[in-house]
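To start, the structure itself, in structure tokens.
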Amino acid sequence: MTLQTLRAALAEAEAGEYAVGAFNVSSIDQAIAVLDAATAERSPVIVQSIAGMSAYDDESRWWTRLRGLVEEYSDIPVVLHLDHGRTYDDCVRAIDHGFTSVMIDASRSTDTDEPASFHQNVAATRRVVDTAAPAGVSVEGELGTIGGAEAGVSGIVEEIVFADPDQAVEFVAQTGVDALAVAVGTSHGSVKFTDAAGGQRLRLELIAEIKSRLPETFLVLHGSSSVPADAVSVINAHGGEVRPSYGISPAQKSQGVAAGIRKINQGTDSHLAWSAQLRRFLQENPAVVEPSEQLRPAIGGFRAMVAQRMREFGSSGRA
């Protein structure tokens with residue numbers, strides 16, 4: 001078993017009442033860490049890339065190699081997904097590079113970054129579905145806006161506009177999306193909530209209501225990283241300046257899965273784990289200049305965090 005569409009992977013998650021982790025990667029090293037974790041955990045996995053967010057100047061080369069790498073892991077089910085495609089062209093490029101799933105995030109204007117109107121969102125999303133469906137590619141849309149800083153970009157901070165159940169039903173009917181990212185109290189980025197109660201703000205009743213009205217649509221949780229305090233402490237103890245904050249607690253995410261979430265996006269937690277181990281190694285080994293020695297602990301930290309999340313999401317042992 002190897003490449004799957006998002007719809008196929010999430011249909012299995014629905015039957016098994018678990019969620020599949022969707023892990024953001026921006027380099028081959030990170031993608032290997034995710035896929036190795038999935039292999040060790042015997043877990044289905046979604047490997048996802050954001051357009052314009054990688055360590056490489058040539059995105060076409062990066063995406064081609066990412067697709068090739070995913071194909072090497074033939075004993076686990078893998079979805080290759082475009083996360084937060086902002087334009088139709090982003091999604092088409094991903095489809096052309098062999099991605100099996102794309103997200104069109106038309107919830108915000110590409111010109112002003114302000115929330116888009118419902119009708120603008122529907123029109124942009126429907127256009128992507130009309131292109132992706134004939135190619136056998138799944139589509140994820142977004143309704144409402146997730147709070148925080150998108151894609152780790154500081155300075156672009158948006159407030160949460162919660163998903164409306166009535167609009168969710170209409171949105172799916174008009175667009176035909178396979179999966180729907182719903183704004184239910186989460187926030188993007190490494191700085192989320194400034195008080196401990198922030199990690200308990202997931203609107204579980206809203207998730208359950210939308211799921212009850214859209215039983216055939218798979219719900220997605222964005223901006224749900226927990227921001228582990230130990231990783232932040234290691235980073236800051238070794239020259240970093242990450243502001244401590246509170247993310248969504250693992251227990252809340254488990255409750256979200258029980259309420260109907262089937263795909264959980266995670267970027268910040270594994271990035272923090274990577275950065276913590278890299279900073280620690282560089283400060284403790286100032287004479288080491290060999291990249292392989294520097295990268296090994298970073299990859300290990302990334303892989304361990306992904307494996308931990310797979311166990312928490314209930315996907316371990318499901319491959």
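The values are calculated or read from the model by the stated rules, or taken from the named source; none is laboratory data. Source: prediction; values computed, not measured. All Cβ positions, glycine included, derive from the backbone under ideal geometry; neighbour counts span all protein chains shown. The area values use the complete protein model at the heavy-atom level, side chains included, leaving out ligands, DNA and RNA. Shrake-Rupley method; radii C 1.70, N 1.55, O 1.52, S 1.80 Å.
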Isotropic mean projected area of the C-alpha convex hull, the range 188-319 (nm²): 9.2 nm²
Among beta bridges that DSSP assigns inside the chain, antiparallel share in %, nearest 5: 15 percent
Average projected area [Cα convex hull, the range 245-307], square nanometres: 5.3 nm²
Theoretical FRET efficiency, 1/(1+(r/R0)^6), r = Cβ-Cβ of residue 282 and residue 212, R0 41 Å, to 0.05: 0.25
For residue 226, residues with placed amide H under 5 Å, excluding near neighbours: 248, 269
Label assignment, Rg/Rh (Cα atoms, Kirkwood Rh) derived from the structure, set [x] 0.95; [y] 0.97; [z] 1.00: [x]
Contact order normalised by residue count of the chain, Cα under 8 Å, 6+ apart, percent: 21 percent
Check: the chain dipole with +1 on Lys, Arg Cβ and -1 on Asp, Glu Cβ, in debye: 600 debye
Value of relative contact order over the range 1-137, rounded to a whole percent, pairs C-alpha under 8 Å and six or more apart: 25 percent
DSSP-assigned coil residues among GluC sites (Glu not before Pro) in the range 1-80, each with at most 15 further Cβ atoms within 10 Å: 17
The chain, helix-only ellipticity at 222 nm - DSSP H runs n ≥ 4, -39,500 (n - 2.57), divided by all residues, nearest 500: -14000 deg cm²/dmol
Average accessible surface area per residue within the chain, 1.4 Å rolling probe, Å²: 40 Å²
Kyte-Doolittle mean at least -1.0 and Cα axial length at least 27 Å: DSSP H helices in the chain: 291-313
Sulfur and carbon atoms: percent of accessible area, the range 87-138 [1.4 Å]: 50 percent
Loop-located GluC sites (Glu not before Pro) in the range 230-319, at most 11 other Cβ atoms within 10 Å (DSSP): 241
